[in-house]
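J.: Below you'll find the structure I mean.
The values are calculated or read from the model by the stated rules, or taken from the named source; none is laboratory data. If you're wondering where the values come from, they're calculated on a predicted model, not measured in any experiment. Here the Cβ positions follow ideal geometry from the backbone for every residue, glycine too, while neighbour counts run over all protein chains shown. The protein model used for the area step is the full one, side chains on, heavy atoms only, and it has no ligands, DNA or RNA in it. Shrake-Rupley method; radii C 1.70, N 1.55, O 1.52, S 1.80 Å.
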Amino acid sequence: MIKKDKGAWAWVPVLYFTQGLPYVMVVTVSVIMYKKLGISNADIGLYTSWLYLPWVLKPLWSPFVDLKSTKRKWFLAMQFFIALALLGVGLTLPTSIFFTTTLACFWMAAFASATNDIASDGYYMLGLSEKKQSFFVGMRSTFYRLAMVTGEGLIVILAGYLETKYGDSTKAWSITMIAAASLMLTLTIANFFTAPKYENEEKNSIDKPQSFGAILGSFFKKPNIGIALAFILTYRLGESQLVKMAAPFMLDEVAEGGLAFSTEKLGTLFGTVGVIMLSIGGILGGILISRDGLKKWMLPMLLSLNIPNILYAILAVTKTTSIIAVTATVAFEKFGYGFGFAAFLMYLIYIAEGKSKTSHYAIATGFMALGMMLPGMISGYMQEWLGYGGFFIWVVIAALPALILLKYIEYPAEYGKKSNSDNA
């Protein structure tokens, strides 16, 4: 029998890096790509936010991931499909209908990525003990975010380099997306070799299948689920809008209220300072929750996710293009992102406790995605209406609902805390 927690130091980083990469390609790198290809902010915000829909709807098919095959087979199959979809983006970019064809490929990648999330998260909860789940939440969050920074950083740097080399954004991004597909295929192979086959030995030890209706209904019967869902929907209300317009803000010309950064400069900033600060924030968040429990750190982590947004507002209002000011803003935002997201992940794990953890976690993250999708859809229109200065002030104000709801949500004060016996 394969023991729980076996090989976790190998498979947790690889699995969650692989989970994060397609997400950032679909919802963030696509924004930068479309901006460089001349699509308007309003269309970027609207159409790329629709790509969140598979993550919103994934609870509808999450029970089938429980009922059919193993979670390991599911995530390996979906990761391979994502590689094919990204290849499709790269190959269809040079066509005259690239906006339609690439959105279709991104849509397929999004569907496979959402399914991969269900299987990967179920595998995480099956393969690790509760205490190790809390300990590795920082590692998990960090490598997920490192994948996002790889997309926003290294992959964007590559696109910027190719733009300079060829003087053709379409050709540059086509090559870049093909390279991203190759990276995704490599990660799929890595997961095949690092992820143990827990389910063969621990069949039915967790998440014993129920009917679709029973799984869905039992989630909505959880105590105080209404307040919990409202909190999940609003936790990232500000970030959901900032993430859509941060890259256009940095890429737009100064006359349009932007910072006039090049693609390569933007990627370099996210890929250096972003990586370091994100890693520190994510690891520190997991360690502190493991040491003290979730209750002590929920408010500080919620604040850390939102306070850095004030710096974006200052940049936009003062119209400064100082590299020191911009770098400091990105540094604080990435640290706050990693630190603040650790508490959110742990709360979602708590909401999923009980039978059918995999499906219930998928439902919880589906609501999280809805909280990203709906505000993101209007972000471009809000930016065009308010200008960048007014838009980022609005983003700061958007933190208030979650802060108000925080006093009403309930969870064990020491949830996720590592006991002394776990140190043995």
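J.: Among what's in the range 52-74 and is open to solvent by 50 Å² or more (accessible area, probe 1.4 Å) and at pLDDT 85 or above, pick the residue that is nearest to the chain's Cα centre (by Cα).
T.: By that ranking, first place goes to Leu57.
J.: For the range 376-393, give me the residue count where each residue is open to solvent by 50 Å² or more (accessible area, probe 1.4 Å) and farther than 19 Å from Thr320 by Cα.
T.: Residues flagged as open to solvent by 50 Å² or more (accessible area, probe 1.4 Å) and farther than 19 Å from Thr320 by Cα within the range 376-393 amount to 4.
J.: Does any residue in the range 51-63 that is β-branched (Val, Ile, Thr) come within less than 6 Å, Cβ to Cβ, of a residue that is surrounded by fewer than 24 Cβ atoms within 10 Å (Cβ to Cβ) and modelled with pLDDT of 90 or more six or more places away or on a different chain, and which pairs are these?
T.: Within 6 Å, the pairs are Val56/Leu370; Val56/Met373.
J.: Restricting to the range 158-202, name every residue that is open to solvent by 40 Å² or more (accessible area, probe 1.4 Å) and either at positive phi or of a type in the set (A, V, I, L, M, F, W, C) (or both).
T.: Leu158, Gly167, Ile175, Ile178, Ala179, Leu183, Leu185, Ile189, Phe192, Phe193
J.: Considering (1) over 18 Å from Ile178 (Cα atoms); (2) surrounded by 18 or more Cβ atoms within 10 Å (Cβ to Cβ), say which one Ala77 fails and leave the rest.
T.: (2)
J.: Quick check on this structure: which one of Ser30, Ser96 is surrounded by fewer than 22 Cβ atoms within 10 Å (Cβ to Cβ) and polar (S, T, N, Q)?
T.: None of the other options fit; the residue is Ser96.
J.: Scan the helices (runs of 4 or more DSSP H) fully inside the range 247-358 and keep the ones with 3 or more residues being under 30 Å from Lys165 (Cα atoms) and open to solvent by less than 60 Å² (accessible area, probe 1.4 Å). Don't jump to the end; show me each part of the working.
T.: Details: elements: 263-292, 294-306, 309-318, 323-351.
Ranges flagged: 263-292, 323-351.
J.: Still on this model: All but one of (1) part of a helix (DSSP H, G or I); (2) modelled with pLDDT of 90 or more hold for Tyr408, so report the exception by its number.
T.: Tyr408 satisfies every listed condition except (1).
J.: What single numbered condition from (1) surrounded by 22 or more Cβ atoms within 10 Å (Cβ to Cβ); (2) within 20 Å of Phe249 (Cα to Cα) fails to hold for Thr365?
T.: Going through (1) surrounded by 22 or more Cβ atoms within 10 Å (Cβ to Cβ); (2) within 20 Å of Phe249 (Cα to Cα) one by one, Thr365 breaks only (2).
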